[in-house]
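The values are calculated or read from the model by the stated rules, or taken from the named source; none is laboratory data. Since the structure is predicted, the reported quantities are computational estimates derived from the model, not experimental observations. All Cβ positions, even for glycine, are placed from backbone atoms using ideal geometry, and neighbour counts span all protein chains on display. Calculation scope for accessible area: heavy atoms of the full protein, side chains included, ligands and nucleic acids excluded. Shrake-Rupley method; radii C 1.70, N 1.55, O 1.52, S 1.80 Å.
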Amino acid sequence: MSTGWFQVLAVGGSLVLSAAATNAQIVTFKAVDTGASVIGPFPNSDAAAASFDAAAGALGSVNLIDFESAPVGAFSNLLAAPGVSITGADLFGADHEIRDAPCSNSCGFNTRSGGAQYAQLNGGTLTFTFAAPVQAFGAYLTGLEIGLQAITFDDGAPQLLSLPTSGRGAAFFCFTDAGKSISSITVFARWESIGIDDVRYVGAVPEPASYALMLAGPGALGFMVRRRRI
């Protein structure tokens, strides 16, 4: 009896893990509003954001970082949300900053309706580190005029996704990487000043060991109950 139970659990666990591995792939969502002003509107970016929210919502809860409660000013290590820290430095090694007033539509501004604050990068890199890994990430990006800006991360292999240019305006860029676990994501602004706002992310699926425990839990409990009744 015990052998049969654990054979069923093992087969079931293998099927779940195999399906998760087979279906995983990177899907990007992006749009630009060229020349958009610092007060909007951003119809193309908003439409892409809505598409991402719908797709990412099928993977789990979509979390949002809008920076509205973050302390204004320079930071070297900012707790942007529970379990999410951001670090980085500009081209000259100086800290990035949280601003509550726009730079301009060519170098960064807030994109949240009714909001004011956003993260300002003057070139360099900004890294988001997650205490619990994620499988989807993105944000509104403003002031992207020059090419060669990118997002990098490791989902088991190094990945680089090029960011769109918005031509003195706003852009939305997000991706899903279903079934993967990503612990940190870096935005490369290189030599350009840009703004980042309304960051979205979705937590990763449980690790394979967690799947095994989830599958084994009810089965093991049933097995124990049967053993007691015999």
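Evaluated against (1) modelled with pLDDT under 90; (2) open to solvent by 50 Å² or more (accessible area, probe 1.4 Å), Ser2 falls short on exactly one condition, (2). Taken over the stretch 29-53, the criterion of being among the small types (Gly, Ala, Ser), open to solvent by less than 30 Å² (accessible area, probe 1.4 Å) and either free of Cβ contacts under 8 Å to residues at least 12 places away in the same chain or closer than 14 Å to Gly138 by Cβ (or both) is satisfied by Ala31, Ser45, Ala48, Ala49.
Go through the stretch 61-173 and tell me which strands (runs of 3 or more DSSP E), entirely inside it, have 3 or more residues that are open to solvent by less than 20 Å² (accessible area, probe 1.4 Å) and over 27 Å from Val205 (Cα atoms). In the stretch 61-173, the matching strands (runs of 3 or more DSSP E) lie at 118-142. Here Asp95 does not fit the description of being within 28 Å of Ala56 (Cα to Cα) and among the acidic types (Asp, Glu). So for the stretch 160-168 (the condition being in contact (Cβ under 8 Å) with a residue 12 or more places away in the chain, hydroxyl-bearing (Ser, Thr, Tyr), within 22 Å of Ala49 (Cβ to Cβ) and touching a helix residue (DSSP H, G or I) at 6+ places or on another chain (Cβ under 6 Å)), does at least one residue qualify? The answer is no; no qualifying residue exists.
For Asp197, the requirement of being buried (at least 21 other Cβ atoms within 10 Å of the Cβ) and of a type in the set (Asp, Glu) is met.
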